[in-house]
Structures are given as C-alpha cells and as structure tokens.
Amino acid sequence: MTESQNSRALRESADVVVLGAGPAGLVLGILLHAAGIDCVLLERASRTHVQTRARAGFLAPNTVGILDRHGLSDGLHRDGSRHGTCEFRTEDGRFRLDYGALGQGGQHHVYPQQNLVTDLLTHYLDRGGRIRFHTEALAVHDADAIDGTGGTGGTRPYVTTREPDGRPTRWNARYVAGCDGRHGAARRSLPPGAVRHHHDHGVTWLGLLAEAPPSLDAVGYAVHDRGFAGHMARTPGVTRYYLQWHRGTPADAWPEQRIWDELDLRMRAADHGPLHRGTLLERGIFDLTCDVIEPLRHGSLFLAGDAASLLAPAAAKGANLAVLEAEILAAALTDALTRGDTAGLDGYSDRCLAHIWRAQEFTGWMTRLLHAAPEGDHRSAGSFFHAALRRSRLDSLRTSRIHQDWFAENYVGV
Ligand code: APR
C-alpha cells in the first residue's frame, strides 16, 4: 500500500487485532472478549466457508478441559464421541492399544472441527464479539516498534487490510495476534530475526473422504511394505482414509476401485475383514512436512496455531496446540492490558515452543513408525535398516507396557 493509499485508507482500531477465525483465532477472541478486552477478528473468508471447512476433530483431554473451563464444550459433549483405541496392523499381525486406559493420557473426543468452529463462532457473535469476514489482512506493520503497552512516544503496530469491496483499511492496534495459518499475513510480516525451522518427512499422503461407515471401531494404522494406510472415523456415515502416496502423482491418478483394492491390501483385509466401501467424496494430497517459527513473539505481534508451527498430521495435534496457545496468549494479553503485567507476554514464546517441540518430536516418531522408507528405492540397504528399526519399534509397542504408557501419554497429550 503506497503512502497516499495509506493516508486515504479507512482507519479502524482495537486493542488487539486477531488475524484469522480458525480454532486459534476464535478461542483467543472469545477469551479476550470475555475479559472485557477490545478486540476484533479479521477473517478473509466468508462465515459460511469458515463454518463448513471440513477438518478432523480429534480433541485431546487438555483441549476439552480448556473448552469446558470457558463454557465452549456443550456441542462437543452433546454430539461428539469418545475414542480411546488405536489398532496397528503389521506383517506380524495386528494389535490394539487402549490408550485411553494407559498412561495418564485419557481419551480423545471426536467432534468434526467444522462443528467446533461453528460453536465457537456462534458463542463469540452471540456475546457481541467483533469480526469482519471477507477482510484479508495484507501485512502487519511496526510490530517491532514497541511492545504495545503504549510507552510514551513509541509508534504502535497496525494492520493493513483489503475490504470486501477492495478498499484499503488500516487497523491500529496495541497488539496483533497472528492466527491466520501457514500462509497468512502474520508470517509474511515477520521481521528478519524470525527463524523458520522446516523439515520434510519425505512422505506424501493421499487423503480420502469416503461415504461409508467406519470399518474399525478404532483409529487404524496399517504398516506395509507397499506403504502406510490409515483409517479414522469421521461420522457414522463418513470415514477418512489415508494412503502413503508417491510424491508427484496426482490425486485422481487411480480409479476408485484401485484405491479400495490398495486399501484392502495394506490394511490386510484378507486377514482382518473387509473394509466398508463407498463413494470417495474428497481426495487431497498432503506432503508430510512441518515447521516451527522461533520466536513466536516479535514486539507486539504474537503467533498462535498454524501460524506458529505446522505439524505433520500423523498424530492429529494441530488443532489441540492451536487451542492451548490461544488460551495462554489470551491470559497474557489480558494481564498486560488490564494490569500492565507483561510477564505472560514475555514468557509466551518459550512456554508455547516447549509444547510445540514436544508435539513435533512425537509426531516425527509416529511418522517414522508408520511409513516405509521415505521416497526412493525401497530395496536400498538403508531402507532395509529403516524397516528393521520400524519393526522393532512396533514390537516394543506391542509388548512393553512402559512403552505403551509413553505412547498413550504423548498420543493424546499436548
Ligand atoms: N487475512 C485474514 N484471514 C486469513 C488470512 C489473511 N491474510 N490468511 C488466512 N486467514 C484465515 C483463514 O481463512 C482461516 O480461517 O485464518 C484462519 C486460519 O485458521 P486455521 O488454518 O484453521 O488455523 P488455526 O486456527 O491455527 O488452526 C490450526 O486447526 O485447522 C485445523 O488442523 C488444522 O492444524 C490446524 C489447526
């Protein structure tokens, strides 16, 4: 935006400008609004798009506890279901882990994320929360100038946005929360000091949404020389499947029949029973990569959710971290704005990074456990070594109660 456009831009303001209305942005907005903080959510999509964007809802006990604490879990307890078992299928047979009864972990709640987001959005709007849909944040400016408590003489951050009619707007703020995901304006506005740790697990998934009832009463992980296959109930009539996929092959390369035959093969349906087949409603390609931004704070700009770090989907931790970070940031911003106490803000990045790296470590372990050698020749010496390690890990998980407790605690922990 040029200086003259800047000067002509419509000016708006809020103490906290939150970019993005996903799980992170909505939980943050709800908690700030409940604390009487002047905040606004800027969301580039429409309300309908935000509420219908289908994503897995695999909620950890800690996440459910946060939602319970703030009166945000009625829908989840009414319409969600509990999950506490996963089933591994390998060349040595199958075994089930009742992780809900192991370790200190507890069970997951399964509640489609679009339902949770709808509940959160309704809660926020019913209480008069401010949100602007169809409003794309373009950049965050001057975040590094001052820490937002408005010391004398310092400048304050502002966000430039594009309104639905294309008009430029400038949002003045004391703090900006980047909850706008991996491709949002917050990440684009990070100052040179920010470091992005990126890792490619070397694995690609073909994600499938099937109009068919679940074939297992558990999360299914099939480990096979031909590649990984996964099964996750979504609703009584819709099931999520994953196939480890050759990177670069288009999602529509195989006809449905061939996909179901491959799923049968890798999930060893001949030994453990047929899969319930149905129309494939959706196909998507996911390269299993991850990243972490360090630090998560840049002056008055704070990152949370996918804007802060991306996890490979092997352990379904993304939304759980987003909700945890939102609660931590909400408390810290409230302390700073109501009592001038910035200790929470000063410690926000280190505190959340500890959770993020713990989740990254477990997700990396899980990704290596489930997949044949990363892309490349499966007959290389390295891949046989890799396969032998994987088989040993699975055997330890099958036979060692201590290992199972560790798995349970990390699988549902955040
Ligand atoms: N301006 C305004 N809004 C934006 C912009 C932008 N420039 N860029 C992205 N957004 C919005 C998106 O439309 C989306 O609604 O930011 C929101 C980001 O939401 P999510 O991608 O859901 O990210 P987050 O809230 O961090 O949730 C993280 O939840 O979606 C699941 O598993 C997923 O790991 C992910 C987790």
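The values are calculated or read from the model by the stated rules, or taken from the named source; none is laboratory data. Because the structure is a prediction, the values reported are computed rather than measured. We place every Cβ from the backbone using ideal geometry, glycine too, and count neighbours over all the protein chains shown. Quick note on the areas: whole protein, heavy atoms, side chains included, nothing else; ligands and nucleic acids left out. Shrake-Rupley method; radii C 1.70, N 1.55, O 1.52, S 1.80 Å.
What the table below lists for this structure:
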{"read-out": "Net length gained if the chain between Asp271 and Arg167 were fully extended (0.36 nm per residue, minus Cα distance)", "value": "31.3 nm"}
{"read-out": "Residues whose placed amide H lies under 5 Å from that of Ser189, excluding near-sequence neighbours", "value": "Val140"}
{"read-out": "Thr155, Thr235, reordered so the largest accessible area comes first (probe 1.4 Å)", "value": "Thr155, Thr235"}
{"read-out": "Relative packing of 156-163, 251-258, which averages over residues the other C-beta atoms within 10 Å, highest first", "value": "156-163, 251-258"}
{"read-out": "Inter-probe distance in nm under a simple model that places probes 7 Å from Cα toward Cβ, at Thr279 and Asp68", "value": "4.0 nm"}
{"read-out": "Solvent-accessible area of His141 with every protein chain in place, 1.4 Å probe, in Å² to the nearest 10", "value": "50 Å²"}
{"read-out": "Summed residue charge, Cβ within 13 Å of Asn320's Cβ, Lys/Arg positive, Asp/Glu negative", "value": "0"}
{"read-out": "Accessible area in the full protein assembly, largest first, 1.4 Å probe, for Ile259, Ile131", "value": "Ile131, Ile259"}
{"read-out": "At least 24 Å along the helix axis (C-alpha) and Kyte average at least 0.5, DSSP helices within the chain", "value": "318-339"}
{"read-out": "Computed E for Ser13/Glu256 - FRET, C-beta separation, R0 35 angstrom, nearest 0.05", "value": "0.10"}
{"read-out": "Share of carbon and sulfur in the accessible heavy-atom surface of the chain [1.4 Å probe, %]", "value": "49 percent"}
{"read-out": "Length released on extending from Arg247 to Ser400, taking residue separation times 0.36 nm less the Cα-Cα span", "value": "51.6 nm"}
{"read-out": "Farthest positive-ward along the chain dipole, Cα basis, beta-carbon charges - from Pro295, Gly305, Leu243", "value": "Leu243"}
{"read-out": "For Ala253, residues with placed amide H under 5 Å, excluding near neighbours", "value": "none"}
{"read-out": "Among beta bridges that DSSP assigns inside the range 22-146, antiparallel share in %, nearest 5", "value": "75 percent"}
{"read-out": "Area accessible to solvent at Thr52, 1.4 Å probe radius, in Å²", "value": "90 Å²"}
{"read-out": "Difference of contour (0.36 nm per residue) and Cα-Cα distance, Leu389 to Arg339", "value": "12.7 nm"}
{"read-out": "Accessible area of Arg132 in the full protein assembly, 1.4 Å probe (Å², nearest 10)", "value": "80 Å²"}
{"read-out": "Accessible area, probe 1.4 Å, largest first, for residues Asp68, Asp217, Asp405", "value": "Asp217, Asp68, Asp405"}
{"read-out": "Mean residue ellipticity (222 nm) of the chain, computed from DSSP H runs ≥ 4 via -39,500 (n - 2.57), nearest 500", "value": "-11500 deg cm²/dmol"}
{"read-out": "Total formal charge among the other residues, if their Cβ is under 10 angstrom from that of Arg368, Lys/Arg +1 and Asp/Glu -1", "value": "+2"}
